[in-house]
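Trainee: Please read through the structure below; I'll follow up with questions.
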Amino acid sequence: MSLGCDLIVLEELTSKAKQIQEDVLTKILKANANTEYLQRFLQGSSDKELFKKNVPVVSYEDVKPYIDRVANGEPSDIISGEPITAFFRSSGTSSGKQKIFPASKIFFENIQIIYTLGSLVMSKYFDGFKQGKVIMFTFTRPMSTTPCGLPLAPALTSFTKSEYYRSLATKSTCPLQIILCPDTKQSMYCQLLCGLVQREEVVRVGATFGSVLVQVIHFLENYWKELASNIRSGHVSEWITDLSCQDSVSTILVEPNPELAALIENGCGQKSWQGIVSRLWPKAKCIDAIVTGSMSQYISALEFYTSNKLPLVSKAYASSEAYFGLNLEPLSKPQQVSYTFLPNMSYFEFIDVDVDGLTTEGEIVDLVNVKLGHYYEPLVTNFSGLHRCRVGDVLQVTGFYNMAPKFRFVRRKTTVLSVYVESTTEEDLLKALAQATVVLESSDLMTTGFTSYADISTVPGHYVFYLELKAKANSNITNVLPLDNNVLVECCCVMEESMNGAYRLFRSKDEHIGALEIRIVQQGTFDSLMHFFVSRGTSVVQYKTPMCINSAEALKVLEDKVIARFFSDKSPPI
Ligand code: AMP
């Protein structure tokens, strides 16, 4: 597909989804039939029926030994006919484990296609999009290498550092050198500075995930005075020691601009930060950040920072295994977003799972044969060595765009919390959070961080929710204490009431599940949690706040900052 494409390409791709999927599989099998991995099942054949009959459905752990061998220096053709040129490290924050995936140039080409088509879709819905500038807060990590010397980094870092990114970043308010700076703090500061200087031209503000944008706004709360002072003087602060950042900022902040400095001070100095994004970037037409799945916990904060006036656009659904699809209706409400799978990205199959996501090992169907309303886990067969590999997400079919199905992201598949025999999913937790949010908002509080933990050190075990709160009316209040006991106990109760039937049943007897607990943490705790994961190899851009904490070290980051605890005071109705 040429990059000068227009939306007709999308019509073609989706209308011919069946044929394109067939072609993709043919191409993959022809390229990979002689790999050590496929040889075991296909004996060199590239027959598609044989592929479906003989090649097993696997999870990452099953193929890990093969991937590790290539990463350790054995030839690519153990798993892939195409040369493996790099490895991607998944964020591991949603699945709990970091994984490495082989990558080839086709993966980068796919990301480029998604970016290009995504921008075309956005231009269709937002006037003047092509003319304006974009602030997409983007961060990169230093590349590391596998034992055999191949580059290893999160997919988005590898992409951003590749030649494929350059042609796509021409509308950015921020020079590439700032995005490539390995020091996240200096990079974030300079990205904000460049974005503020060019505020009148900005039509889109975003980051890959909603969590990153919320974090940037918290950073701005701490640094706006200094940023305004830099703009007034025309010089960047001395603590920006990265030479590329200094040089790049000087191409944007070319002279003192006291009027702009005063405008920013006026905008940020107001008591409430409600609508701050629109105040600072008055021509912004939308927020471009994924707020589906576990990111939905950031919807209320982003709605607050935009005064509910800018659409929150979740553009794409993707993973380190494959890019899947695009949201073709960017104006839809976050709760109604669906992603249309693009058939040229990889070969996709789907395992029917029941509503609870418990794999009843149902039928496996092709992309074009999924059924409306059904729940599925996707399987990926890609160009870089994964064959029928489970992704671990649960999706629901909401419709079709031409022949290509649209899916709502439901949740990660794994049960996230269980203290007895109940099974509480990510979706259950998000529903509980949504109930608590209603109660908190009526007390003028918003949630800026949320995660959970199954505490089995008590008898019976109980659920613990860590919440970071902020006062809406006055952003200068960094301490939400004293908290109203009634409000927080009410939150515990509504959360329990929204839990699934098994939870409520075992909780009602009080002997199997103890009272749900909310632990309030200091402001900034969830930023510290992110830094903890980043220090262990996750990239800021791909980081997703875990819905549940499994590691003792991560738990300690939260526990050290607990400032108050509340318990539900009654069992929920069964
Ligand atoms: P990673 O491989 O680290 O990039 O993580 C990929 C995972 O992030 C996916 O399998 C999903 O669980 C989650 N994810 C990616 N895109 C979205 C999206 N648009 N909405 C919800 N979750 C997403």
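Trainee: Plugging the Kirkwood radius over Cα pairs into Stokes-Einstein for the chain, at a temperature of 4 °C and a viscosity of 1.567 mPa s, what D comes out in µm²/s?
Mentor: Values: Rh = 24.9 Å.
Translational D for this selection: 52 µm²/s.
Trainee: Can you tell me the order of 393-404, 434-445 when each peptide is scored by its average per-residue count of other Cβ atoms within 10 angstrom, highest first? Could the numbers behind the result be given before it?
Mentor: Numbers: 393-404: 19.2, 434-445: 17.3.
Per-residue Cβ counts within 10 Å, averaged per peptide and sorted highest first, yield 393-404, 434-445.
Trainee: In whole Hz, what ³J(HN,Hα) sequence does the range 167-174 give by Karplus (6.51, -1.76, 1.60; θ = phi - 60°), x for Gly and Pro?
Mentor: Those phi angles translate into 5, 8, 9, 5, 8, 6, 6, 10 Hz.
Trainee: Additional query: Give me D for the range 402-522 in µm² s⁻¹, whole number, from Stokes-Einstein with Rh from the Kirkwood sum over alpha-carbon pairs, 25 °C and 0.890 mPa s. Present the calculation step by step, with values, prior to reporting the outcome.
Mentor: Values: Rh = 15.5 Å.
My calculation gives 158 µm²/s for D.
Trainee: Another question about this same structure. Using unit Cβ charges (K, R positive; D, E negative) and no other charged atoms, how large, in debye to the nearest 20, is the dipole of the range 212-259 about its Cα centre? Don't skip to the answer; put the middle values down first.
Mentor: Details: 2 positive and 7 negative charges, 22 e Å.
The dipole of the range 212-259 has a size of about 100 debye.
Trainee: A further question follows. Using a 1.4 angstrom probe, figure out how much accessible area the chain has per residue, in square angstrom, rounded to the nearest whole.
Mentor: Working: 22110 Å² over 574 residues.
Computed with neighbouring chains in place, this is 39 Å² per residue.
Trainee: Give, to the nearest whole percent, the P(r) tail of the range 477-574 beyond 19 angstrom, counting all Cα pairs.
Mentor: Value for the range 477-574 (Cα pairs over 19 Å): 55 percent.
Trainee: Can you send over the solvent-accessible area of TRP224, 1.4 Å probe, protein chains only, in Å² to the nearest 10?
Mentor: Per-residue accessible area (TRP224): approximately 40 Å².
Trainee: Assigning unit charges at the beta carbon (Lys, Arg +1; Asp, Glu -1) and nothing else, what dipole magnitude in debye, to the nearest 20, does the chain show about its Cα centre? Please list the in-between numbers first.
Mentor: Working: 54 positive and 61 negative charges, 145 e Å.
Using only the charged Cβ atoms, the result is roughly 700 debye.
Trainee: Now a separate question. Roughly speaking, what % of Cα-Cα pairs in the range 177-257 are separated by over 22 Å, rounded to a whole number?
Mentor: Numbers: 607 of 3240 pairs.
That fraction is 19 percent.
Trainee: Placing +1 on the Cβ of each Lys and Arg and -1 on the Cβ of each Asp and Glu in the chain, which of ILE67, ASN485, GLY118 has its Cα farthest towards the positive end of the resulting dipole?
Mentor: GLY118
Trainee: Still on this model: From the helices alone, meaning DSSP H stretches of at least four residues, give me the mean residue ellipticity at 222 nm for the chain, per-run term -39500 (n - 2.57), in deg cm²/dmol to the nearest 500.
Mentor: On the way: 20 runs with 215 residues, N = 574.
Dividing the helical sum by the residues of the chain leaves -11500 deg cm²/dmol.
Trainee: Roughly to the nearest percent, how much of the accessible area of the chain is carbon and sulfur, given a 1.4 Å probe?
Mentor: Details: 11360 of 22110 Å².
Roughly 51 percent of what the probe reaches on the chain is carbon or sulfur.
Trainee: Rg to Rh for the range 66-197: what is it, with Cα atoms only and Rh by Kirkwood?
Mentor: Values: Rg = 17.0 Å, Rh = 16.5 Å.
With Rg and the Kirkwood Rh in hand, the quotient comes to 1.03.
Trainee: Rounded to the nearest 20 debye, what is the charge dipole size of the range 130-284 about its Cα centre when +1 sits on each Lys and Arg Cβ and -1 on each Asp and Glu Cβ? Spell out each step's value before the answer.
Mentor: On the way: 14 positive and 12 negative charges, 111 e Å.
Dipole of the range 130-284, to the nearest 20 debye: 540 debye.
Trainee: So, one more: At q = 0.10, 0.14, 0.17 Å⁻¹, what is the base-10 log of I(q)/I(0) for the range 130-284 according to the Debye formula with one equal point scatterer per Cα and no solvent? Please give it to two decimals.
Mentor: Taking Cα atoms of the range 130-284 as identical point scatterers yields -0.36, -0.69, -0.99.
The values are calculated or read from the model by the stated rules, or taken from the named source; none is laboratory data. Keep in mind that what you see is a predicted model, and the values were worked out from it rather than measured. When we count neighbours, we look across all protein chains shown, and the Cβ atoms used for this are built from the backbone with ideal geometry, even at glycine. Protein only, heavy atoms only, side chains kept; ligands, DNA and RNA dropped before computing areas. Shrake-Rupley method; radii C 1.70, N 1.55, O 1.52, S 1.80 Å.
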